[in-house]
Structures are given as structure tokens and as C-alpha cells.
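Okay, structure first, notes after.
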Amino acid sequence: MIILPAAPDDLAQLLAFREEAASWLRELGSDQWSRPYPADRLLATIEAGTVFMVRHGEMTAATITLTPEAEEGLWAEGELSEPSIFVNKLTVSRRYAGQNLGGRLLNWAGDRAFRASAKWLRLDAWTTNEALQRYYLRQGFRHVRTVREGSAVNGGPRVSGWLAQREARPADHGFVDQTPPPTPLVS
């Protein structure tokens, strides 16, 4: 399997991944990702070079978005002073479920964060999705806190405010990495 930056041509695939994941989550009783993600916002992240795809032959198996910026209102000022990479929109095709692809992708992200001189690999997970939270804990993340108020969008309850982090570190992820070197966060 190879990992490479997403291209604008991948937009439809990424939107389909999100819908597939939302459908699966609905079957599990979760409302996570129940609202469609705006295609223009997703395209902007692709064009910014923060979206990555895992390919297996002609198939796209997974995607992850990595940014050096945190979502507003989640992390404390002192935490934001520590160089970090933030995981967003980690999605694995249901065809590849149960193969630890998500875990390998998190290892790749932690390795990339380490190479960018980050101290932390951080994420915010759906506040009510306890199974997802347990998954991240099994992947070596430590729960920091849960932020329930102050959505950046409407000031109402926050749906994705379960904060977790693990140290950025080198990792053997097993992917053929065809991404450009990460931009260092500190000089």
C-alpha cells in the first residue's frame, strides 16, 4: 500500500468515503458525520496539501487529514504553544475494515509529526462516540479532556470535543510513503 497526497480529482472519492462512514455509523446508532461535509471546504484542504490517501493497487483504502492548526476553542493556550499536528477525517473504506489500517495510518501520522518536529499528535473525536474514543485509547492516545460547549460554527453544543494526544514518534507503518517531506513546525 502506498500513501500519497490527495489531488483535486480525489474529491468525489473523499466525499463518498465520508458518506460510507456516516452510513456505517448510523447503523451503529451514532449521529457522527450525519451532516454532509461541504465539498468546497474539502477541496480547499486538498489544495492546501493536508489530505492524504492510502492506495492499494487501483483502490483507495483510507484517507487522513493532518494540519498544524487546531480547531478554534478546543485546546488551551499553553497546549497550543507546543508544536503539534492534528488528525482530522481519518476514514477507512469498509472493504479494508478490521485490518488495522487506521492504526497504521495513525502511526504514519505520528511519524510524520515527529519528522515535522512536533511534540504531539492530537485529535478531537466525536463526543458521544465512546467506541471511537476507546479505539484511540487502544492506539496509545491519552484523553486530555472533553469540551462540550462553544462550537466554532454556531456557539451551541460541540459534537467533536473529546480531546486526546500521544507523543509524536518515529514508527514503522509499512506504507510506501510517496508524500513530500513535512514542513518543520519549529526551526
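All of the numbers you see were taken from the coordinates with simple rules; none came from a lab. Just so it is clear, the structure is predicted and the values come from calculations on it, not from any experiment. Quick reminder, even Gly has a Cβ in these numbers, built from the backbone with ideal geometry, and neighbours come from all protein chains shown.
Between beta-carbons, use under 15 Å as the cut-off and find the net charge around residue 114, counting Lys and Arg +1, Asp and Glu -1. Let's see the in-between values first.
On the way: positive: 112, 115, 119, 122, 166, 169; negative: 82, 111, 167, 172, 177.
Residues close to residue 114 contribute a combined charge of +1.
Around residue 138, what is the net charge, scoring Lys/Arg as +1 and Asp/Glu as -1 over all other residues with Cβ under 15 Å from its Cβ? Before the final figure, lay out each step's value.
On the way: positive: 104, 134, 142, 166; negative: 130.
Counting the neighbours of residue 138, the net charge comes to +3.
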Once the dipole of the chain is set up from charges on Cβ (+1 Lys and Arg, -1 Asp and Glu), the residue from the list 185, 39, 8 lying farthest towards its positive end is 185
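Grab the other residues whose beta carbon is less than 13 angstrom from that of residue 12, score K and R as +1, D and E as -1, and report the net.
Computed value for this residue: -3.
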Taking other Cβ within 10 Å of each residue's Cβ, how do 23, 117, 84 sort, fewest first? 23, 117, 84
Treating the beta-carbon of each Lys and Arg as +1 and of each Asp and Glu as -1, no other charges, what is the dipole magnitude of the stretch 2-171 about its Cα centre, to the nearest 20 debye? 620 debye
Can you show me the helix-derived [θ] at 222 nm for the chain, built from DSSP H runs with n ≥ 4 at -39,500 (n - 2.57) apiece and divided by the number of residues, rounded to the nearest 500. -8500 deg cm²/dmol
Take every DSSP beta bridge whose two residues both sit in the chain, then give the antiparallel share in percent to the nearest 5. 80 percent
Using only the Cα atoms of the chain, what do you get for the radius of gyration and for Dmax, in Å? 15.7, 46
Which ordering of 53, 59 is given by a fewest-first count of other beta-carbon atoms within 10 Å? 59, 53
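Per-residue counts of other Cβ atoms within 10 Å, averaged by peptide: what ranking do you get for 175-181, 102-108, highest first?
Numbers: 175-181: 12.9, 102-108: 20.9.
Those peptides, ordered most packed to least, come out 102-108, 175-181.
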